[in-house]
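Please read the structure below before turning to the comments.
The values are calculated or read from the model by the stated rules, or taken from the named source; none is laboratory data. Everything quoted here is computed from the prediction, not taken from an experiment. Positions of Cβ are generated from backbone atoms using ideal geometry, with glycine treated the same way; all protein chains shown enter the neighbour counts. These accessible areas exclude ligands, DNA and RNA; they are computed on the full protein's heavy atoms, side chains included. Shrake-Rupley method; radii C 1.70, N 1.55, O 1.52, S 1.80 Å.
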Amino acid sequence: MELSNRQEKIVEIVKENGPITGENIADSLNLTRATLRPDLAILTMAGFLDARPRVGYFYTGKTGSELLTEKLKKLKVSDYNSIPIVVEENISVYDAICSMFLDDVGTLFVVNKHAMLAGVLSRKDLLRASMGKQDLTSVPVHIIMTRMPNITICKKGDLLIDAAQKLIDKQIDALPVVQDVNDGYEVIGRITKTNITKALVALGRDEHL
Ligand code: ADP
(Lines give C-alpha, C1' and ligand atoms only; values in the text may rest on other atoms or scores of the structure.)
Protein backbone atom coordinates (compact mmCIF):
# COMPACT_ATOMS: atom_id res chain seq x y z
CA MET A 1 0.00 0.00 0.00
CA GLU A 2 1.10 3.57 -0.78
CA LEU A 3 1.59 5.74 2.28
CA SER A 4 0.84 9.46 2.16
CA ASN A 5 3.63 11.89 3.10
CA ARG A 6 2.07 12.44 6.46
CA GLN A 7 1.71 8.71 7.10
CA GLU A 8 5.37 8.20 6.23
CA LYS A 9 6.32 10.93 8.68
CA ILE A 10 4.25 9.29 11.38
CA VAL A 11 5.97 5.95 10.76
CA GLU A 12 9.37 7.67 11.02
CA ILE A 13 8.45 9.38 14.28
CA VAL A 14 7.14 6.17 15.79
CA LYS A 15 10.18 4.22 14.55
CA GLU A 16 12.52 6.62 16.32
CA ASN A 17 10.52 7.43 19.44
CA GLY A 18 8.11 4.56 20.00
CA PRO A 19 6.34 3.69 22.13
CA ILE A 20 4.83 7.13 21.76
CA THR A 21 1.33 8.42 22.43
CA GLY A 22 -0.92 9.83 19.73
CA GLU A 23 -0.77 13.15 21.55
CA ASN A 24 3.02 13.28 21.27
CA ILE A 25 3.00 12.27 17.60
CA ALA A 26 0.51 15.08 16.96
CA ASP A 27 2.76 17.54 18.84
CA SER A 28 5.80 16.59 16.78
CA LEU A 29 3.86 17.31 13.62
CA ASN A 30 2.13 20.43 14.92
CA LEU A 31 -1.22 18.83 14.26
CA THR A 32 -4.19 18.00 16.45
CA ARG A 33 -4.79 14.50 17.71
CA ALA A 34 -8.13 14.49 15.84
CA THR A 35 -6.43 15.28 12.53
CA LEU A 36 -4.05 12.36 13.00
CA ARG A 37 -6.67 9.85 14.06
CA PRO A 38 -7.56 8.51 10.56
CA ASP A 39 -3.86 8.12 9.64
CA LEU A 40 -3.12 6.26 12.85
CA ALA A 41 -6.11 4.00 12.24
CA ILE A 42 -4.92 3.21 8.70
CA LEU A 43 -1.33 2.55 9.79
CA THR A 44 -2.49 0.29 12.60
CA MET A 45 -4.94 -1.64 10.41
CA ALA A 46 -2.34 -2.07 7.68
CA GLY A 47 0.07 -3.50 10.25
CA PHE A 48 2.81 -0.84 10.14
CA LEU A 49 2.09 0.28 13.68
CA ASP A 50 0.69 -1.41 16.73
CA ALA A 51 -1.06 0.35 19.60
CA ARG A 52 -1.06 -0.65 23.26
CA PRO A 53 -3.46 1.01 25.67
CA ARG A 54 -1.71 3.44 28.02
CA VAL A 55 1.64 2.77 26.32
CA GLY A 56 1.19 4.22 22.87
CA TYR A 57 2.13 3.40 19.32
CA PHE A 58 5.14 1.36 18.32
CA TYR A 59 6.62 0.28 15.04
CA THR A 60 5.98 -3.37 14.18
CA GLY A 61 9.11 -3.58 12.07
CA LYS A 62 7.25 -5.45 9.36
CA THR A 63 8.29 -4.74 5.80
CA GLY A 64 5.82 -4.20 3.00
CA SER A 65 6.39 -7.71 1.68
CA GLU A 66 5.89 -9.27 5.12
CA LEU A 67 2.60 -7.41 5.41
CA LEU A 68 1.63 -8.58 1.92
CA THR A 69 2.41 -12.18 2.85
CA GLU A 70 0.26 -11.84 5.96
CA LYS A 71 -2.63 -10.56 3.87
CA LEU A 72 -2.16 -13.30 1.29
CA LYS A 73 -2.29 -15.92 4.01
CA LYS A 74 -5.68 -14.64 5.11
CA LEU A 75 -7.35 -15.11 1.73
CA LYS A 76 -9.71 -18.07 1.64
CA VAL A 77 -11.04 -20.14 -1.24
CA SER A 78 -14.52 -18.88 -0.31
CA ASP A 79 -13.42 -15.25 -0.93
CA TYR A 80 -12.61 -15.89 -4.58
CA ASN A 81 -14.36 -19.02 -5.86
CA SER A 82 -16.68 -19.05 -8.90
CA ILE A 83 -19.80 -20.95 -9.83
CA PRO A 84 -18.96 -24.51 -10.91
CA ILE A 85 -20.22 -25.89 -14.21
CA VAL A 86 -21.32 -29.42 -13.57
CA VAL A 87 -22.40 -32.12 -16.06
CA GLU A 88 -23.80 -35.60 -15.58
CA GLU A 89 -21.50 -38.56 -16.29
CA ASN A 90 -23.69 -40.04 -19.01
CA ILE A 91 -23.87 -36.97 -21.24
CA SER A 92 -22.00 -37.27 -24.52
CA VAL A 93 -18.61 -35.78 -25.31
CA TYR A 94 -20.42 -33.68 -27.92
CA ASP A 95 -22.76 -32.19 -25.30
CA ALA A 96 -19.85 -31.57 -22.92
CA ILE A 97 -18.07 -29.60 -25.66
CA CYS A 98 -21.25 -27.54 -26.18
CA SER A 99 -21.50 -26.93 -22.45
CA MET A 100 -17.87 -25.79 -22.27
CA PHE A 101 -18.53 -23.23 -25.02
CA LEU A 102 -21.92 -22.08 -23.76
CA ASP A 103 -20.80 -21.70 -20.16
CA ASP A 104 -17.46 -20.25 -21.21
CA VAL A 105 -15.29 -22.38 -18.91
CA GLY A 106 -12.18 -24.47 -19.44
CA THR A 107 -13.01 -27.22 -16.97
CA LEU A 108 -16.23 -29.14 -16.36
CA PHE A 109 -16.93 -31.14 -13.24
CA VAL A 110 -18.72 -34.44 -13.72
CA VAL A 111 -21.19 -35.84 -11.21
CA ASN A 112 -22.80 -39.26 -10.85
CA LYS A 113 -26.50 -39.95 -10.55
CA HIS A 114 -26.37 -39.06 -6.86
CA ALA A 115 -24.98 -35.62 -7.77
CA MET A 116 -21.60 -36.52 -6.23
CA LEU A 117 -18.28 -35.56 -7.81
CA ALA A 118 -17.21 -38.34 -10.19
CA GLY A 119 -14.69 -36.70 -12.51
CA VAL A 120 -13.18 -33.73 -14.30
CA LEU A 121 -13.11 -32.81 -18.00
CA SER A 122 -10.52 -30.40 -19.30
CA ARG A 123 -10.30 -28.82 -22.74
CA LYS A 124 -7.58 -31.24 -23.75
CA ASP A 125 -9.58 -34.26 -22.55
CA LEU A 126 -12.32 -33.23 -24.98
CA LEU A 127 -9.89 -32.40 -27.78
CA ARG A 128 -8.21 -35.79 -27.38
CA ALA A 129 -11.56 -37.56 -27.55
CA SER A 130 -12.39 -35.60 -30.71
CA MET A 131 -9.29 -36.78 -32.54
CA GLY A 132 -10.50 -40.34 -33.04
CA LYS A 133 -13.15 -41.50 -35.44
CA GLN A 134 -15.85 -42.12 -32.82
CA ASP A 135 -19.23 -40.49 -33.03
CA LEU A 136 -18.94 -37.88 -30.26
CA THR A 137 -22.68 -37.90 -29.67
CA SER A 138 -22.50 -41.53 -28.55
CA VAL A 139 -19.40 -41.48 -26.30
CA PRO A 140 -20.37 -40.73 -22.68
CA VAL A 141 -17.98 -38.44 -20.81
CA HIS A 142 -17.34 -40.96 -18.02
CA ILE A 143 -15.24 -42.92 -20.54
CA ILE A 144 -12.78 -40.09 -21.08
CA MET A 145 -12.84 -38.02 -17.85
CA THR A 146 -10.22 -38.02 -15.11
CA ARG A 147 -12.07 -39.85 -12.39
CA MET A 148 -12.33 -40.13 -8.63
CA PRO A 149 -10.36 -40.82 -6.49
CA ASN A 150 -7.76 -39.05 -8.62
CA ILE A 151 -9.44 -35.66 -8.44
CA THR A 152 -7.65 -32.88 -6.60
CA ILE A 153 -10.18 -30.93 -4.56
CA CYS A 154 -10.32 -28.02 -2.16
CA LYS A 155 -12.78 -26.81 0.47
CA LYS A 156 -14.19 -23.34 0.96
CA GLY A 157 -12.32 -22.76 4.21
CA ASP A 158 -8.94 -23.63 2.66
CA LEU A 159 -6.38 -20.91 2.13
CA LEU A 160 -6.31 -19.60 -1.44
CA ILE A 161 -2.54 -19.98 -1.50
CA ASP A 162 -2.86 -23.70 -0.71
CA ALA A 163 -5.32 -24.11 -3.59
CA ALA A 164 -2.87 -22.24 -5.85
CA GLN A 165 -0.09 -24.60 -4.74
CA LYS A 166 -2.24 -27.60 -5.75
CA LEU A 167 -2.80 -26.10 -9.22
CA ILE A 168 0.96 -25.78 -9.62
CA ASP A 169 1.90 -29.17 -8.15
CA LYS A 170 -0.65 -31.07 -10.24
CA GLN A 171 -0.23 -28.88 -13.34
CA ILE A 172 -3.95 -28.34 -13.69
CA ASP A 173 -6.14 -25.31 -14.36
CA ALA A 174 -8.99 -25.78 -11.89
CA LEU A 175 -10.06 -27.35 -8.62
CA PRO A 176 -13.59 -28.21 -7.60
CA VAL A 177 -14.59 -26.67 -4.28
CA VAL A 178 -16.42 -29.46 -2.48
CA GLN A 179 -18.20 -30.24 0.72
CA ASP A 180 -18.46 -33.66 2.33
CA VAL A 181 -21.76 -35.46 2.10
CA ASN A 182 -22.49 -39.01 3.26
CA ASP A 183 -21.18 -40.88 0.28
CA GLY A 184 -18.90 -38.42 -1.48
CA TYR A 185 -18.31 -34.82 -2.38
CA GLU A 186 -20.86 -32.25 -3.45
CA VAL A 187 -19.41 -29.64 -5.84
CA ILE A 188 -20.13 -26.14 -4.53
CA GLY A 189 -17.60 -23.99 -6.36
CA ARG A 190 -14.59 -23.77 -8.60
CA ILE A 191 -11.13 -22.27 -8.21
CA THR A 192 -9.22 -21.57 -11.40
CA LYS A 193 -6.03 -19.82 -12.38
CA THR A 194 -8.25 -16.81 -13.19
CA ASN A 195 -9.49 -16.62 -9.60
CA ILE A 196 -5.91 -16.71 -8.36
CA THR A 197 -4.93 -13.97 -10.82
CA LYS A 198 -7.84 -11.82 -9.61
CA ALA A 199 -6.73 -12.27 -6.02
CA LEU A 200 -3.19 -11.30 -6.94
CA VAL A 201 -4.34 -8.13 -8.71
CA ALA A 202 -6.65 -7.19 -5.82
CA LEU A 203 -3.78 -7.68 -3.37
CA GLY A 204 -1.44 -5.62 -5.50
CA ARG A 205 -3.98 -2.84 -5.75
CA ASP A 206 -4.89 -3.20 -2.09
CA GLU A 207 -8.55 -3.86 -3.00
CA HIS A 208 -8.89 -7.28 -1.43
CA LEU A 209 -11.45 -8.07 1.23
P1 ADP B 1 -5.90 -28.91 -20.16
O2 ADP B 1 -5.78 -30.40 -20.27
O3 ADP B 1 -7.02 -28.37 -21.01
O4 ADP B 1 -4.61 -28.18 -20.33
P5 ADP B 1 -5.72 -29.11 -17.28
O6 ADP B 1 -4.26 -28.80 -17.26
O7 ADP B 1 -6.57 -28.52 -16.20
O8 ADP B 1 -6.38 -28.64 -18.65
O9 ADP B 1 -5.91 -30.68 -17.23
C10 ADP B 1 -4.87 -31.61 -17.43
C11 ADP B 1 -5.38 -33.00 -17.06
O12 ADP B 1 -5.63 -33.02 -15.65
C13 ADP B 1 -6.69 -33.39 -17.75
O14 ADP B 1 -6.63 -34.74 -18.12
C15 ADP B 1 -7.76 -33.17 -16.68
O16 ADP B 1 -8.83 -34.11 -16.76
C17 ADP B 1 -6.99 -33.38 -15.39
N18 ADP B 1 -7.49 -32.50 -14.32
C19 ADP B 1 -7.92 -31.23 -14.41
N20 ADP B 1 -8.32 -30.75 -13.22
C21 ADP B 1 -8.13 -31.77 -12.34
C22 ADP B 1 -8.36 -31.91 -10.92
N23 ADP B 1 -8.84 -30.92 -10.19
N24 ADP B 1 -8.05 -33.10 -10.36
C25 ADP B 1 -7.53 -34.10 -11.10
N26 ADP B 1 -7.31 -34.02 -12.41
C27 ADP B 1 -7.60 -32.88 -13.04
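Specify the inter-centroid distance of the range 169-209 and the range 44-80, based on alpha-carbon positions, in whole Å.
24 Å
Cα-Cα pairs above 21 Å in the chain: how many percent?
63 percent
Roughly how many Å² is the accessible area per residue of the chain, as a whole number, for a 1.4 Å probe?
60 Å²
Helix 160-170 versus the longest principal axis of the chain: what angle, 0 to 90°, nearest 10, using Cα atoms?
It works out to around 40 degrees.
What is the spin-label model distance, in nm, from ASN17 to ILE188 if the labels are put 7 Å beyond Cα along the C-beta direction?
Computed distance between label sites ASN17 and ILE188 equals 5.1 nm.
Any idea what angle helix 5-17 forms with the longest principal axis of the chain, computed on alpha-carbon atoms, 0 to 90 degrees, nearest 10?
Helix 5-17 sits at roughly 70 degrees to that axis.
Could you tell me which of rounded, prolate or oblate describes the range 5-62, using a ≥ b ≥ c as the square roots of the eigenvalues of the alpha-carbon gyration tensor, with rounded for a/c under 1.5 and, failing that, prolate when a/b is larger than b/c and oblate otherwise?
Details: a/c = 1.34, a/b = 1.22, b/c = 1.11.
Judged from the Cα gyration tensor, the range 5-62 comes out rounded (a/c under 1.5).
Out of PRO84, PRO38, PRO140, any idea which swings most in a Gaussian network model of the chain, alpha carbons joined below 10 Å?
PRO38
In nm, to one decimal, how far is the modelled label at THR146 from the one at MET1, with both set 7 Å along Cα→Cβ?
A separation of 3.8 nm, rounded to one decimal place.
Counting every Cα pair in the range 77-201, what percent are over 16 Å apart?
That tail contains 59 percent of the Cα-Cα pairs.
Output wanted: per-residue J couplings in Hz (rounded whole) for the range 73-83, from phi through Karplus 6.51 cos²θ - 1.76 cosθ + 1.60, θ = phi - 60°, x for Gly and Pro.
Ordered by residue, 3J(HN,Hα) equals 6, 9, 6, 10, 3, 5, 6, 10, 6, 10, 6 Hz.
Roughly to the nearest percent, how much of the accessible area of the chain is carbon and sulfur, given a 1.4 Å probe?
Carbon plus sulfur share of accessible area: 52 percent.
Cut-off under 20 Å on the C-alpha distance; same-chain residues fewer than 8 positions from LYS156 excluded. Which aspartates and glutamates are left, in chain and number order?
Within the straight-line cut-off, LYS156 pairs with GLU70, ASP79, ASP169, ASP173, ASP180, ASP183, GLU186.
Exceeding 19 Å between C-alpha atoms, which entries from my cross-link table qualify? They are LYS15/LYS74; LYS113/LYS166; LYS74/LYS155; LYS15/LYS71.
Working: LYS15/LYS74 26 Å; LYS113/LYS166 28 Å; LYS74/LYS155 15 Å; LYS15/LYS71 22 Å.
Check vs 19 Å cut-off fails for LYS15/LYS74; LYS113/LYS166; LYS15/LYS71.
Mind ranking 117-125, 146-154 by how tightly packed they are, going by the mean number of other C-beta atoms within 10 angstrom, highest first?
The packing order, highest mean first, is 117-125, 146-154.
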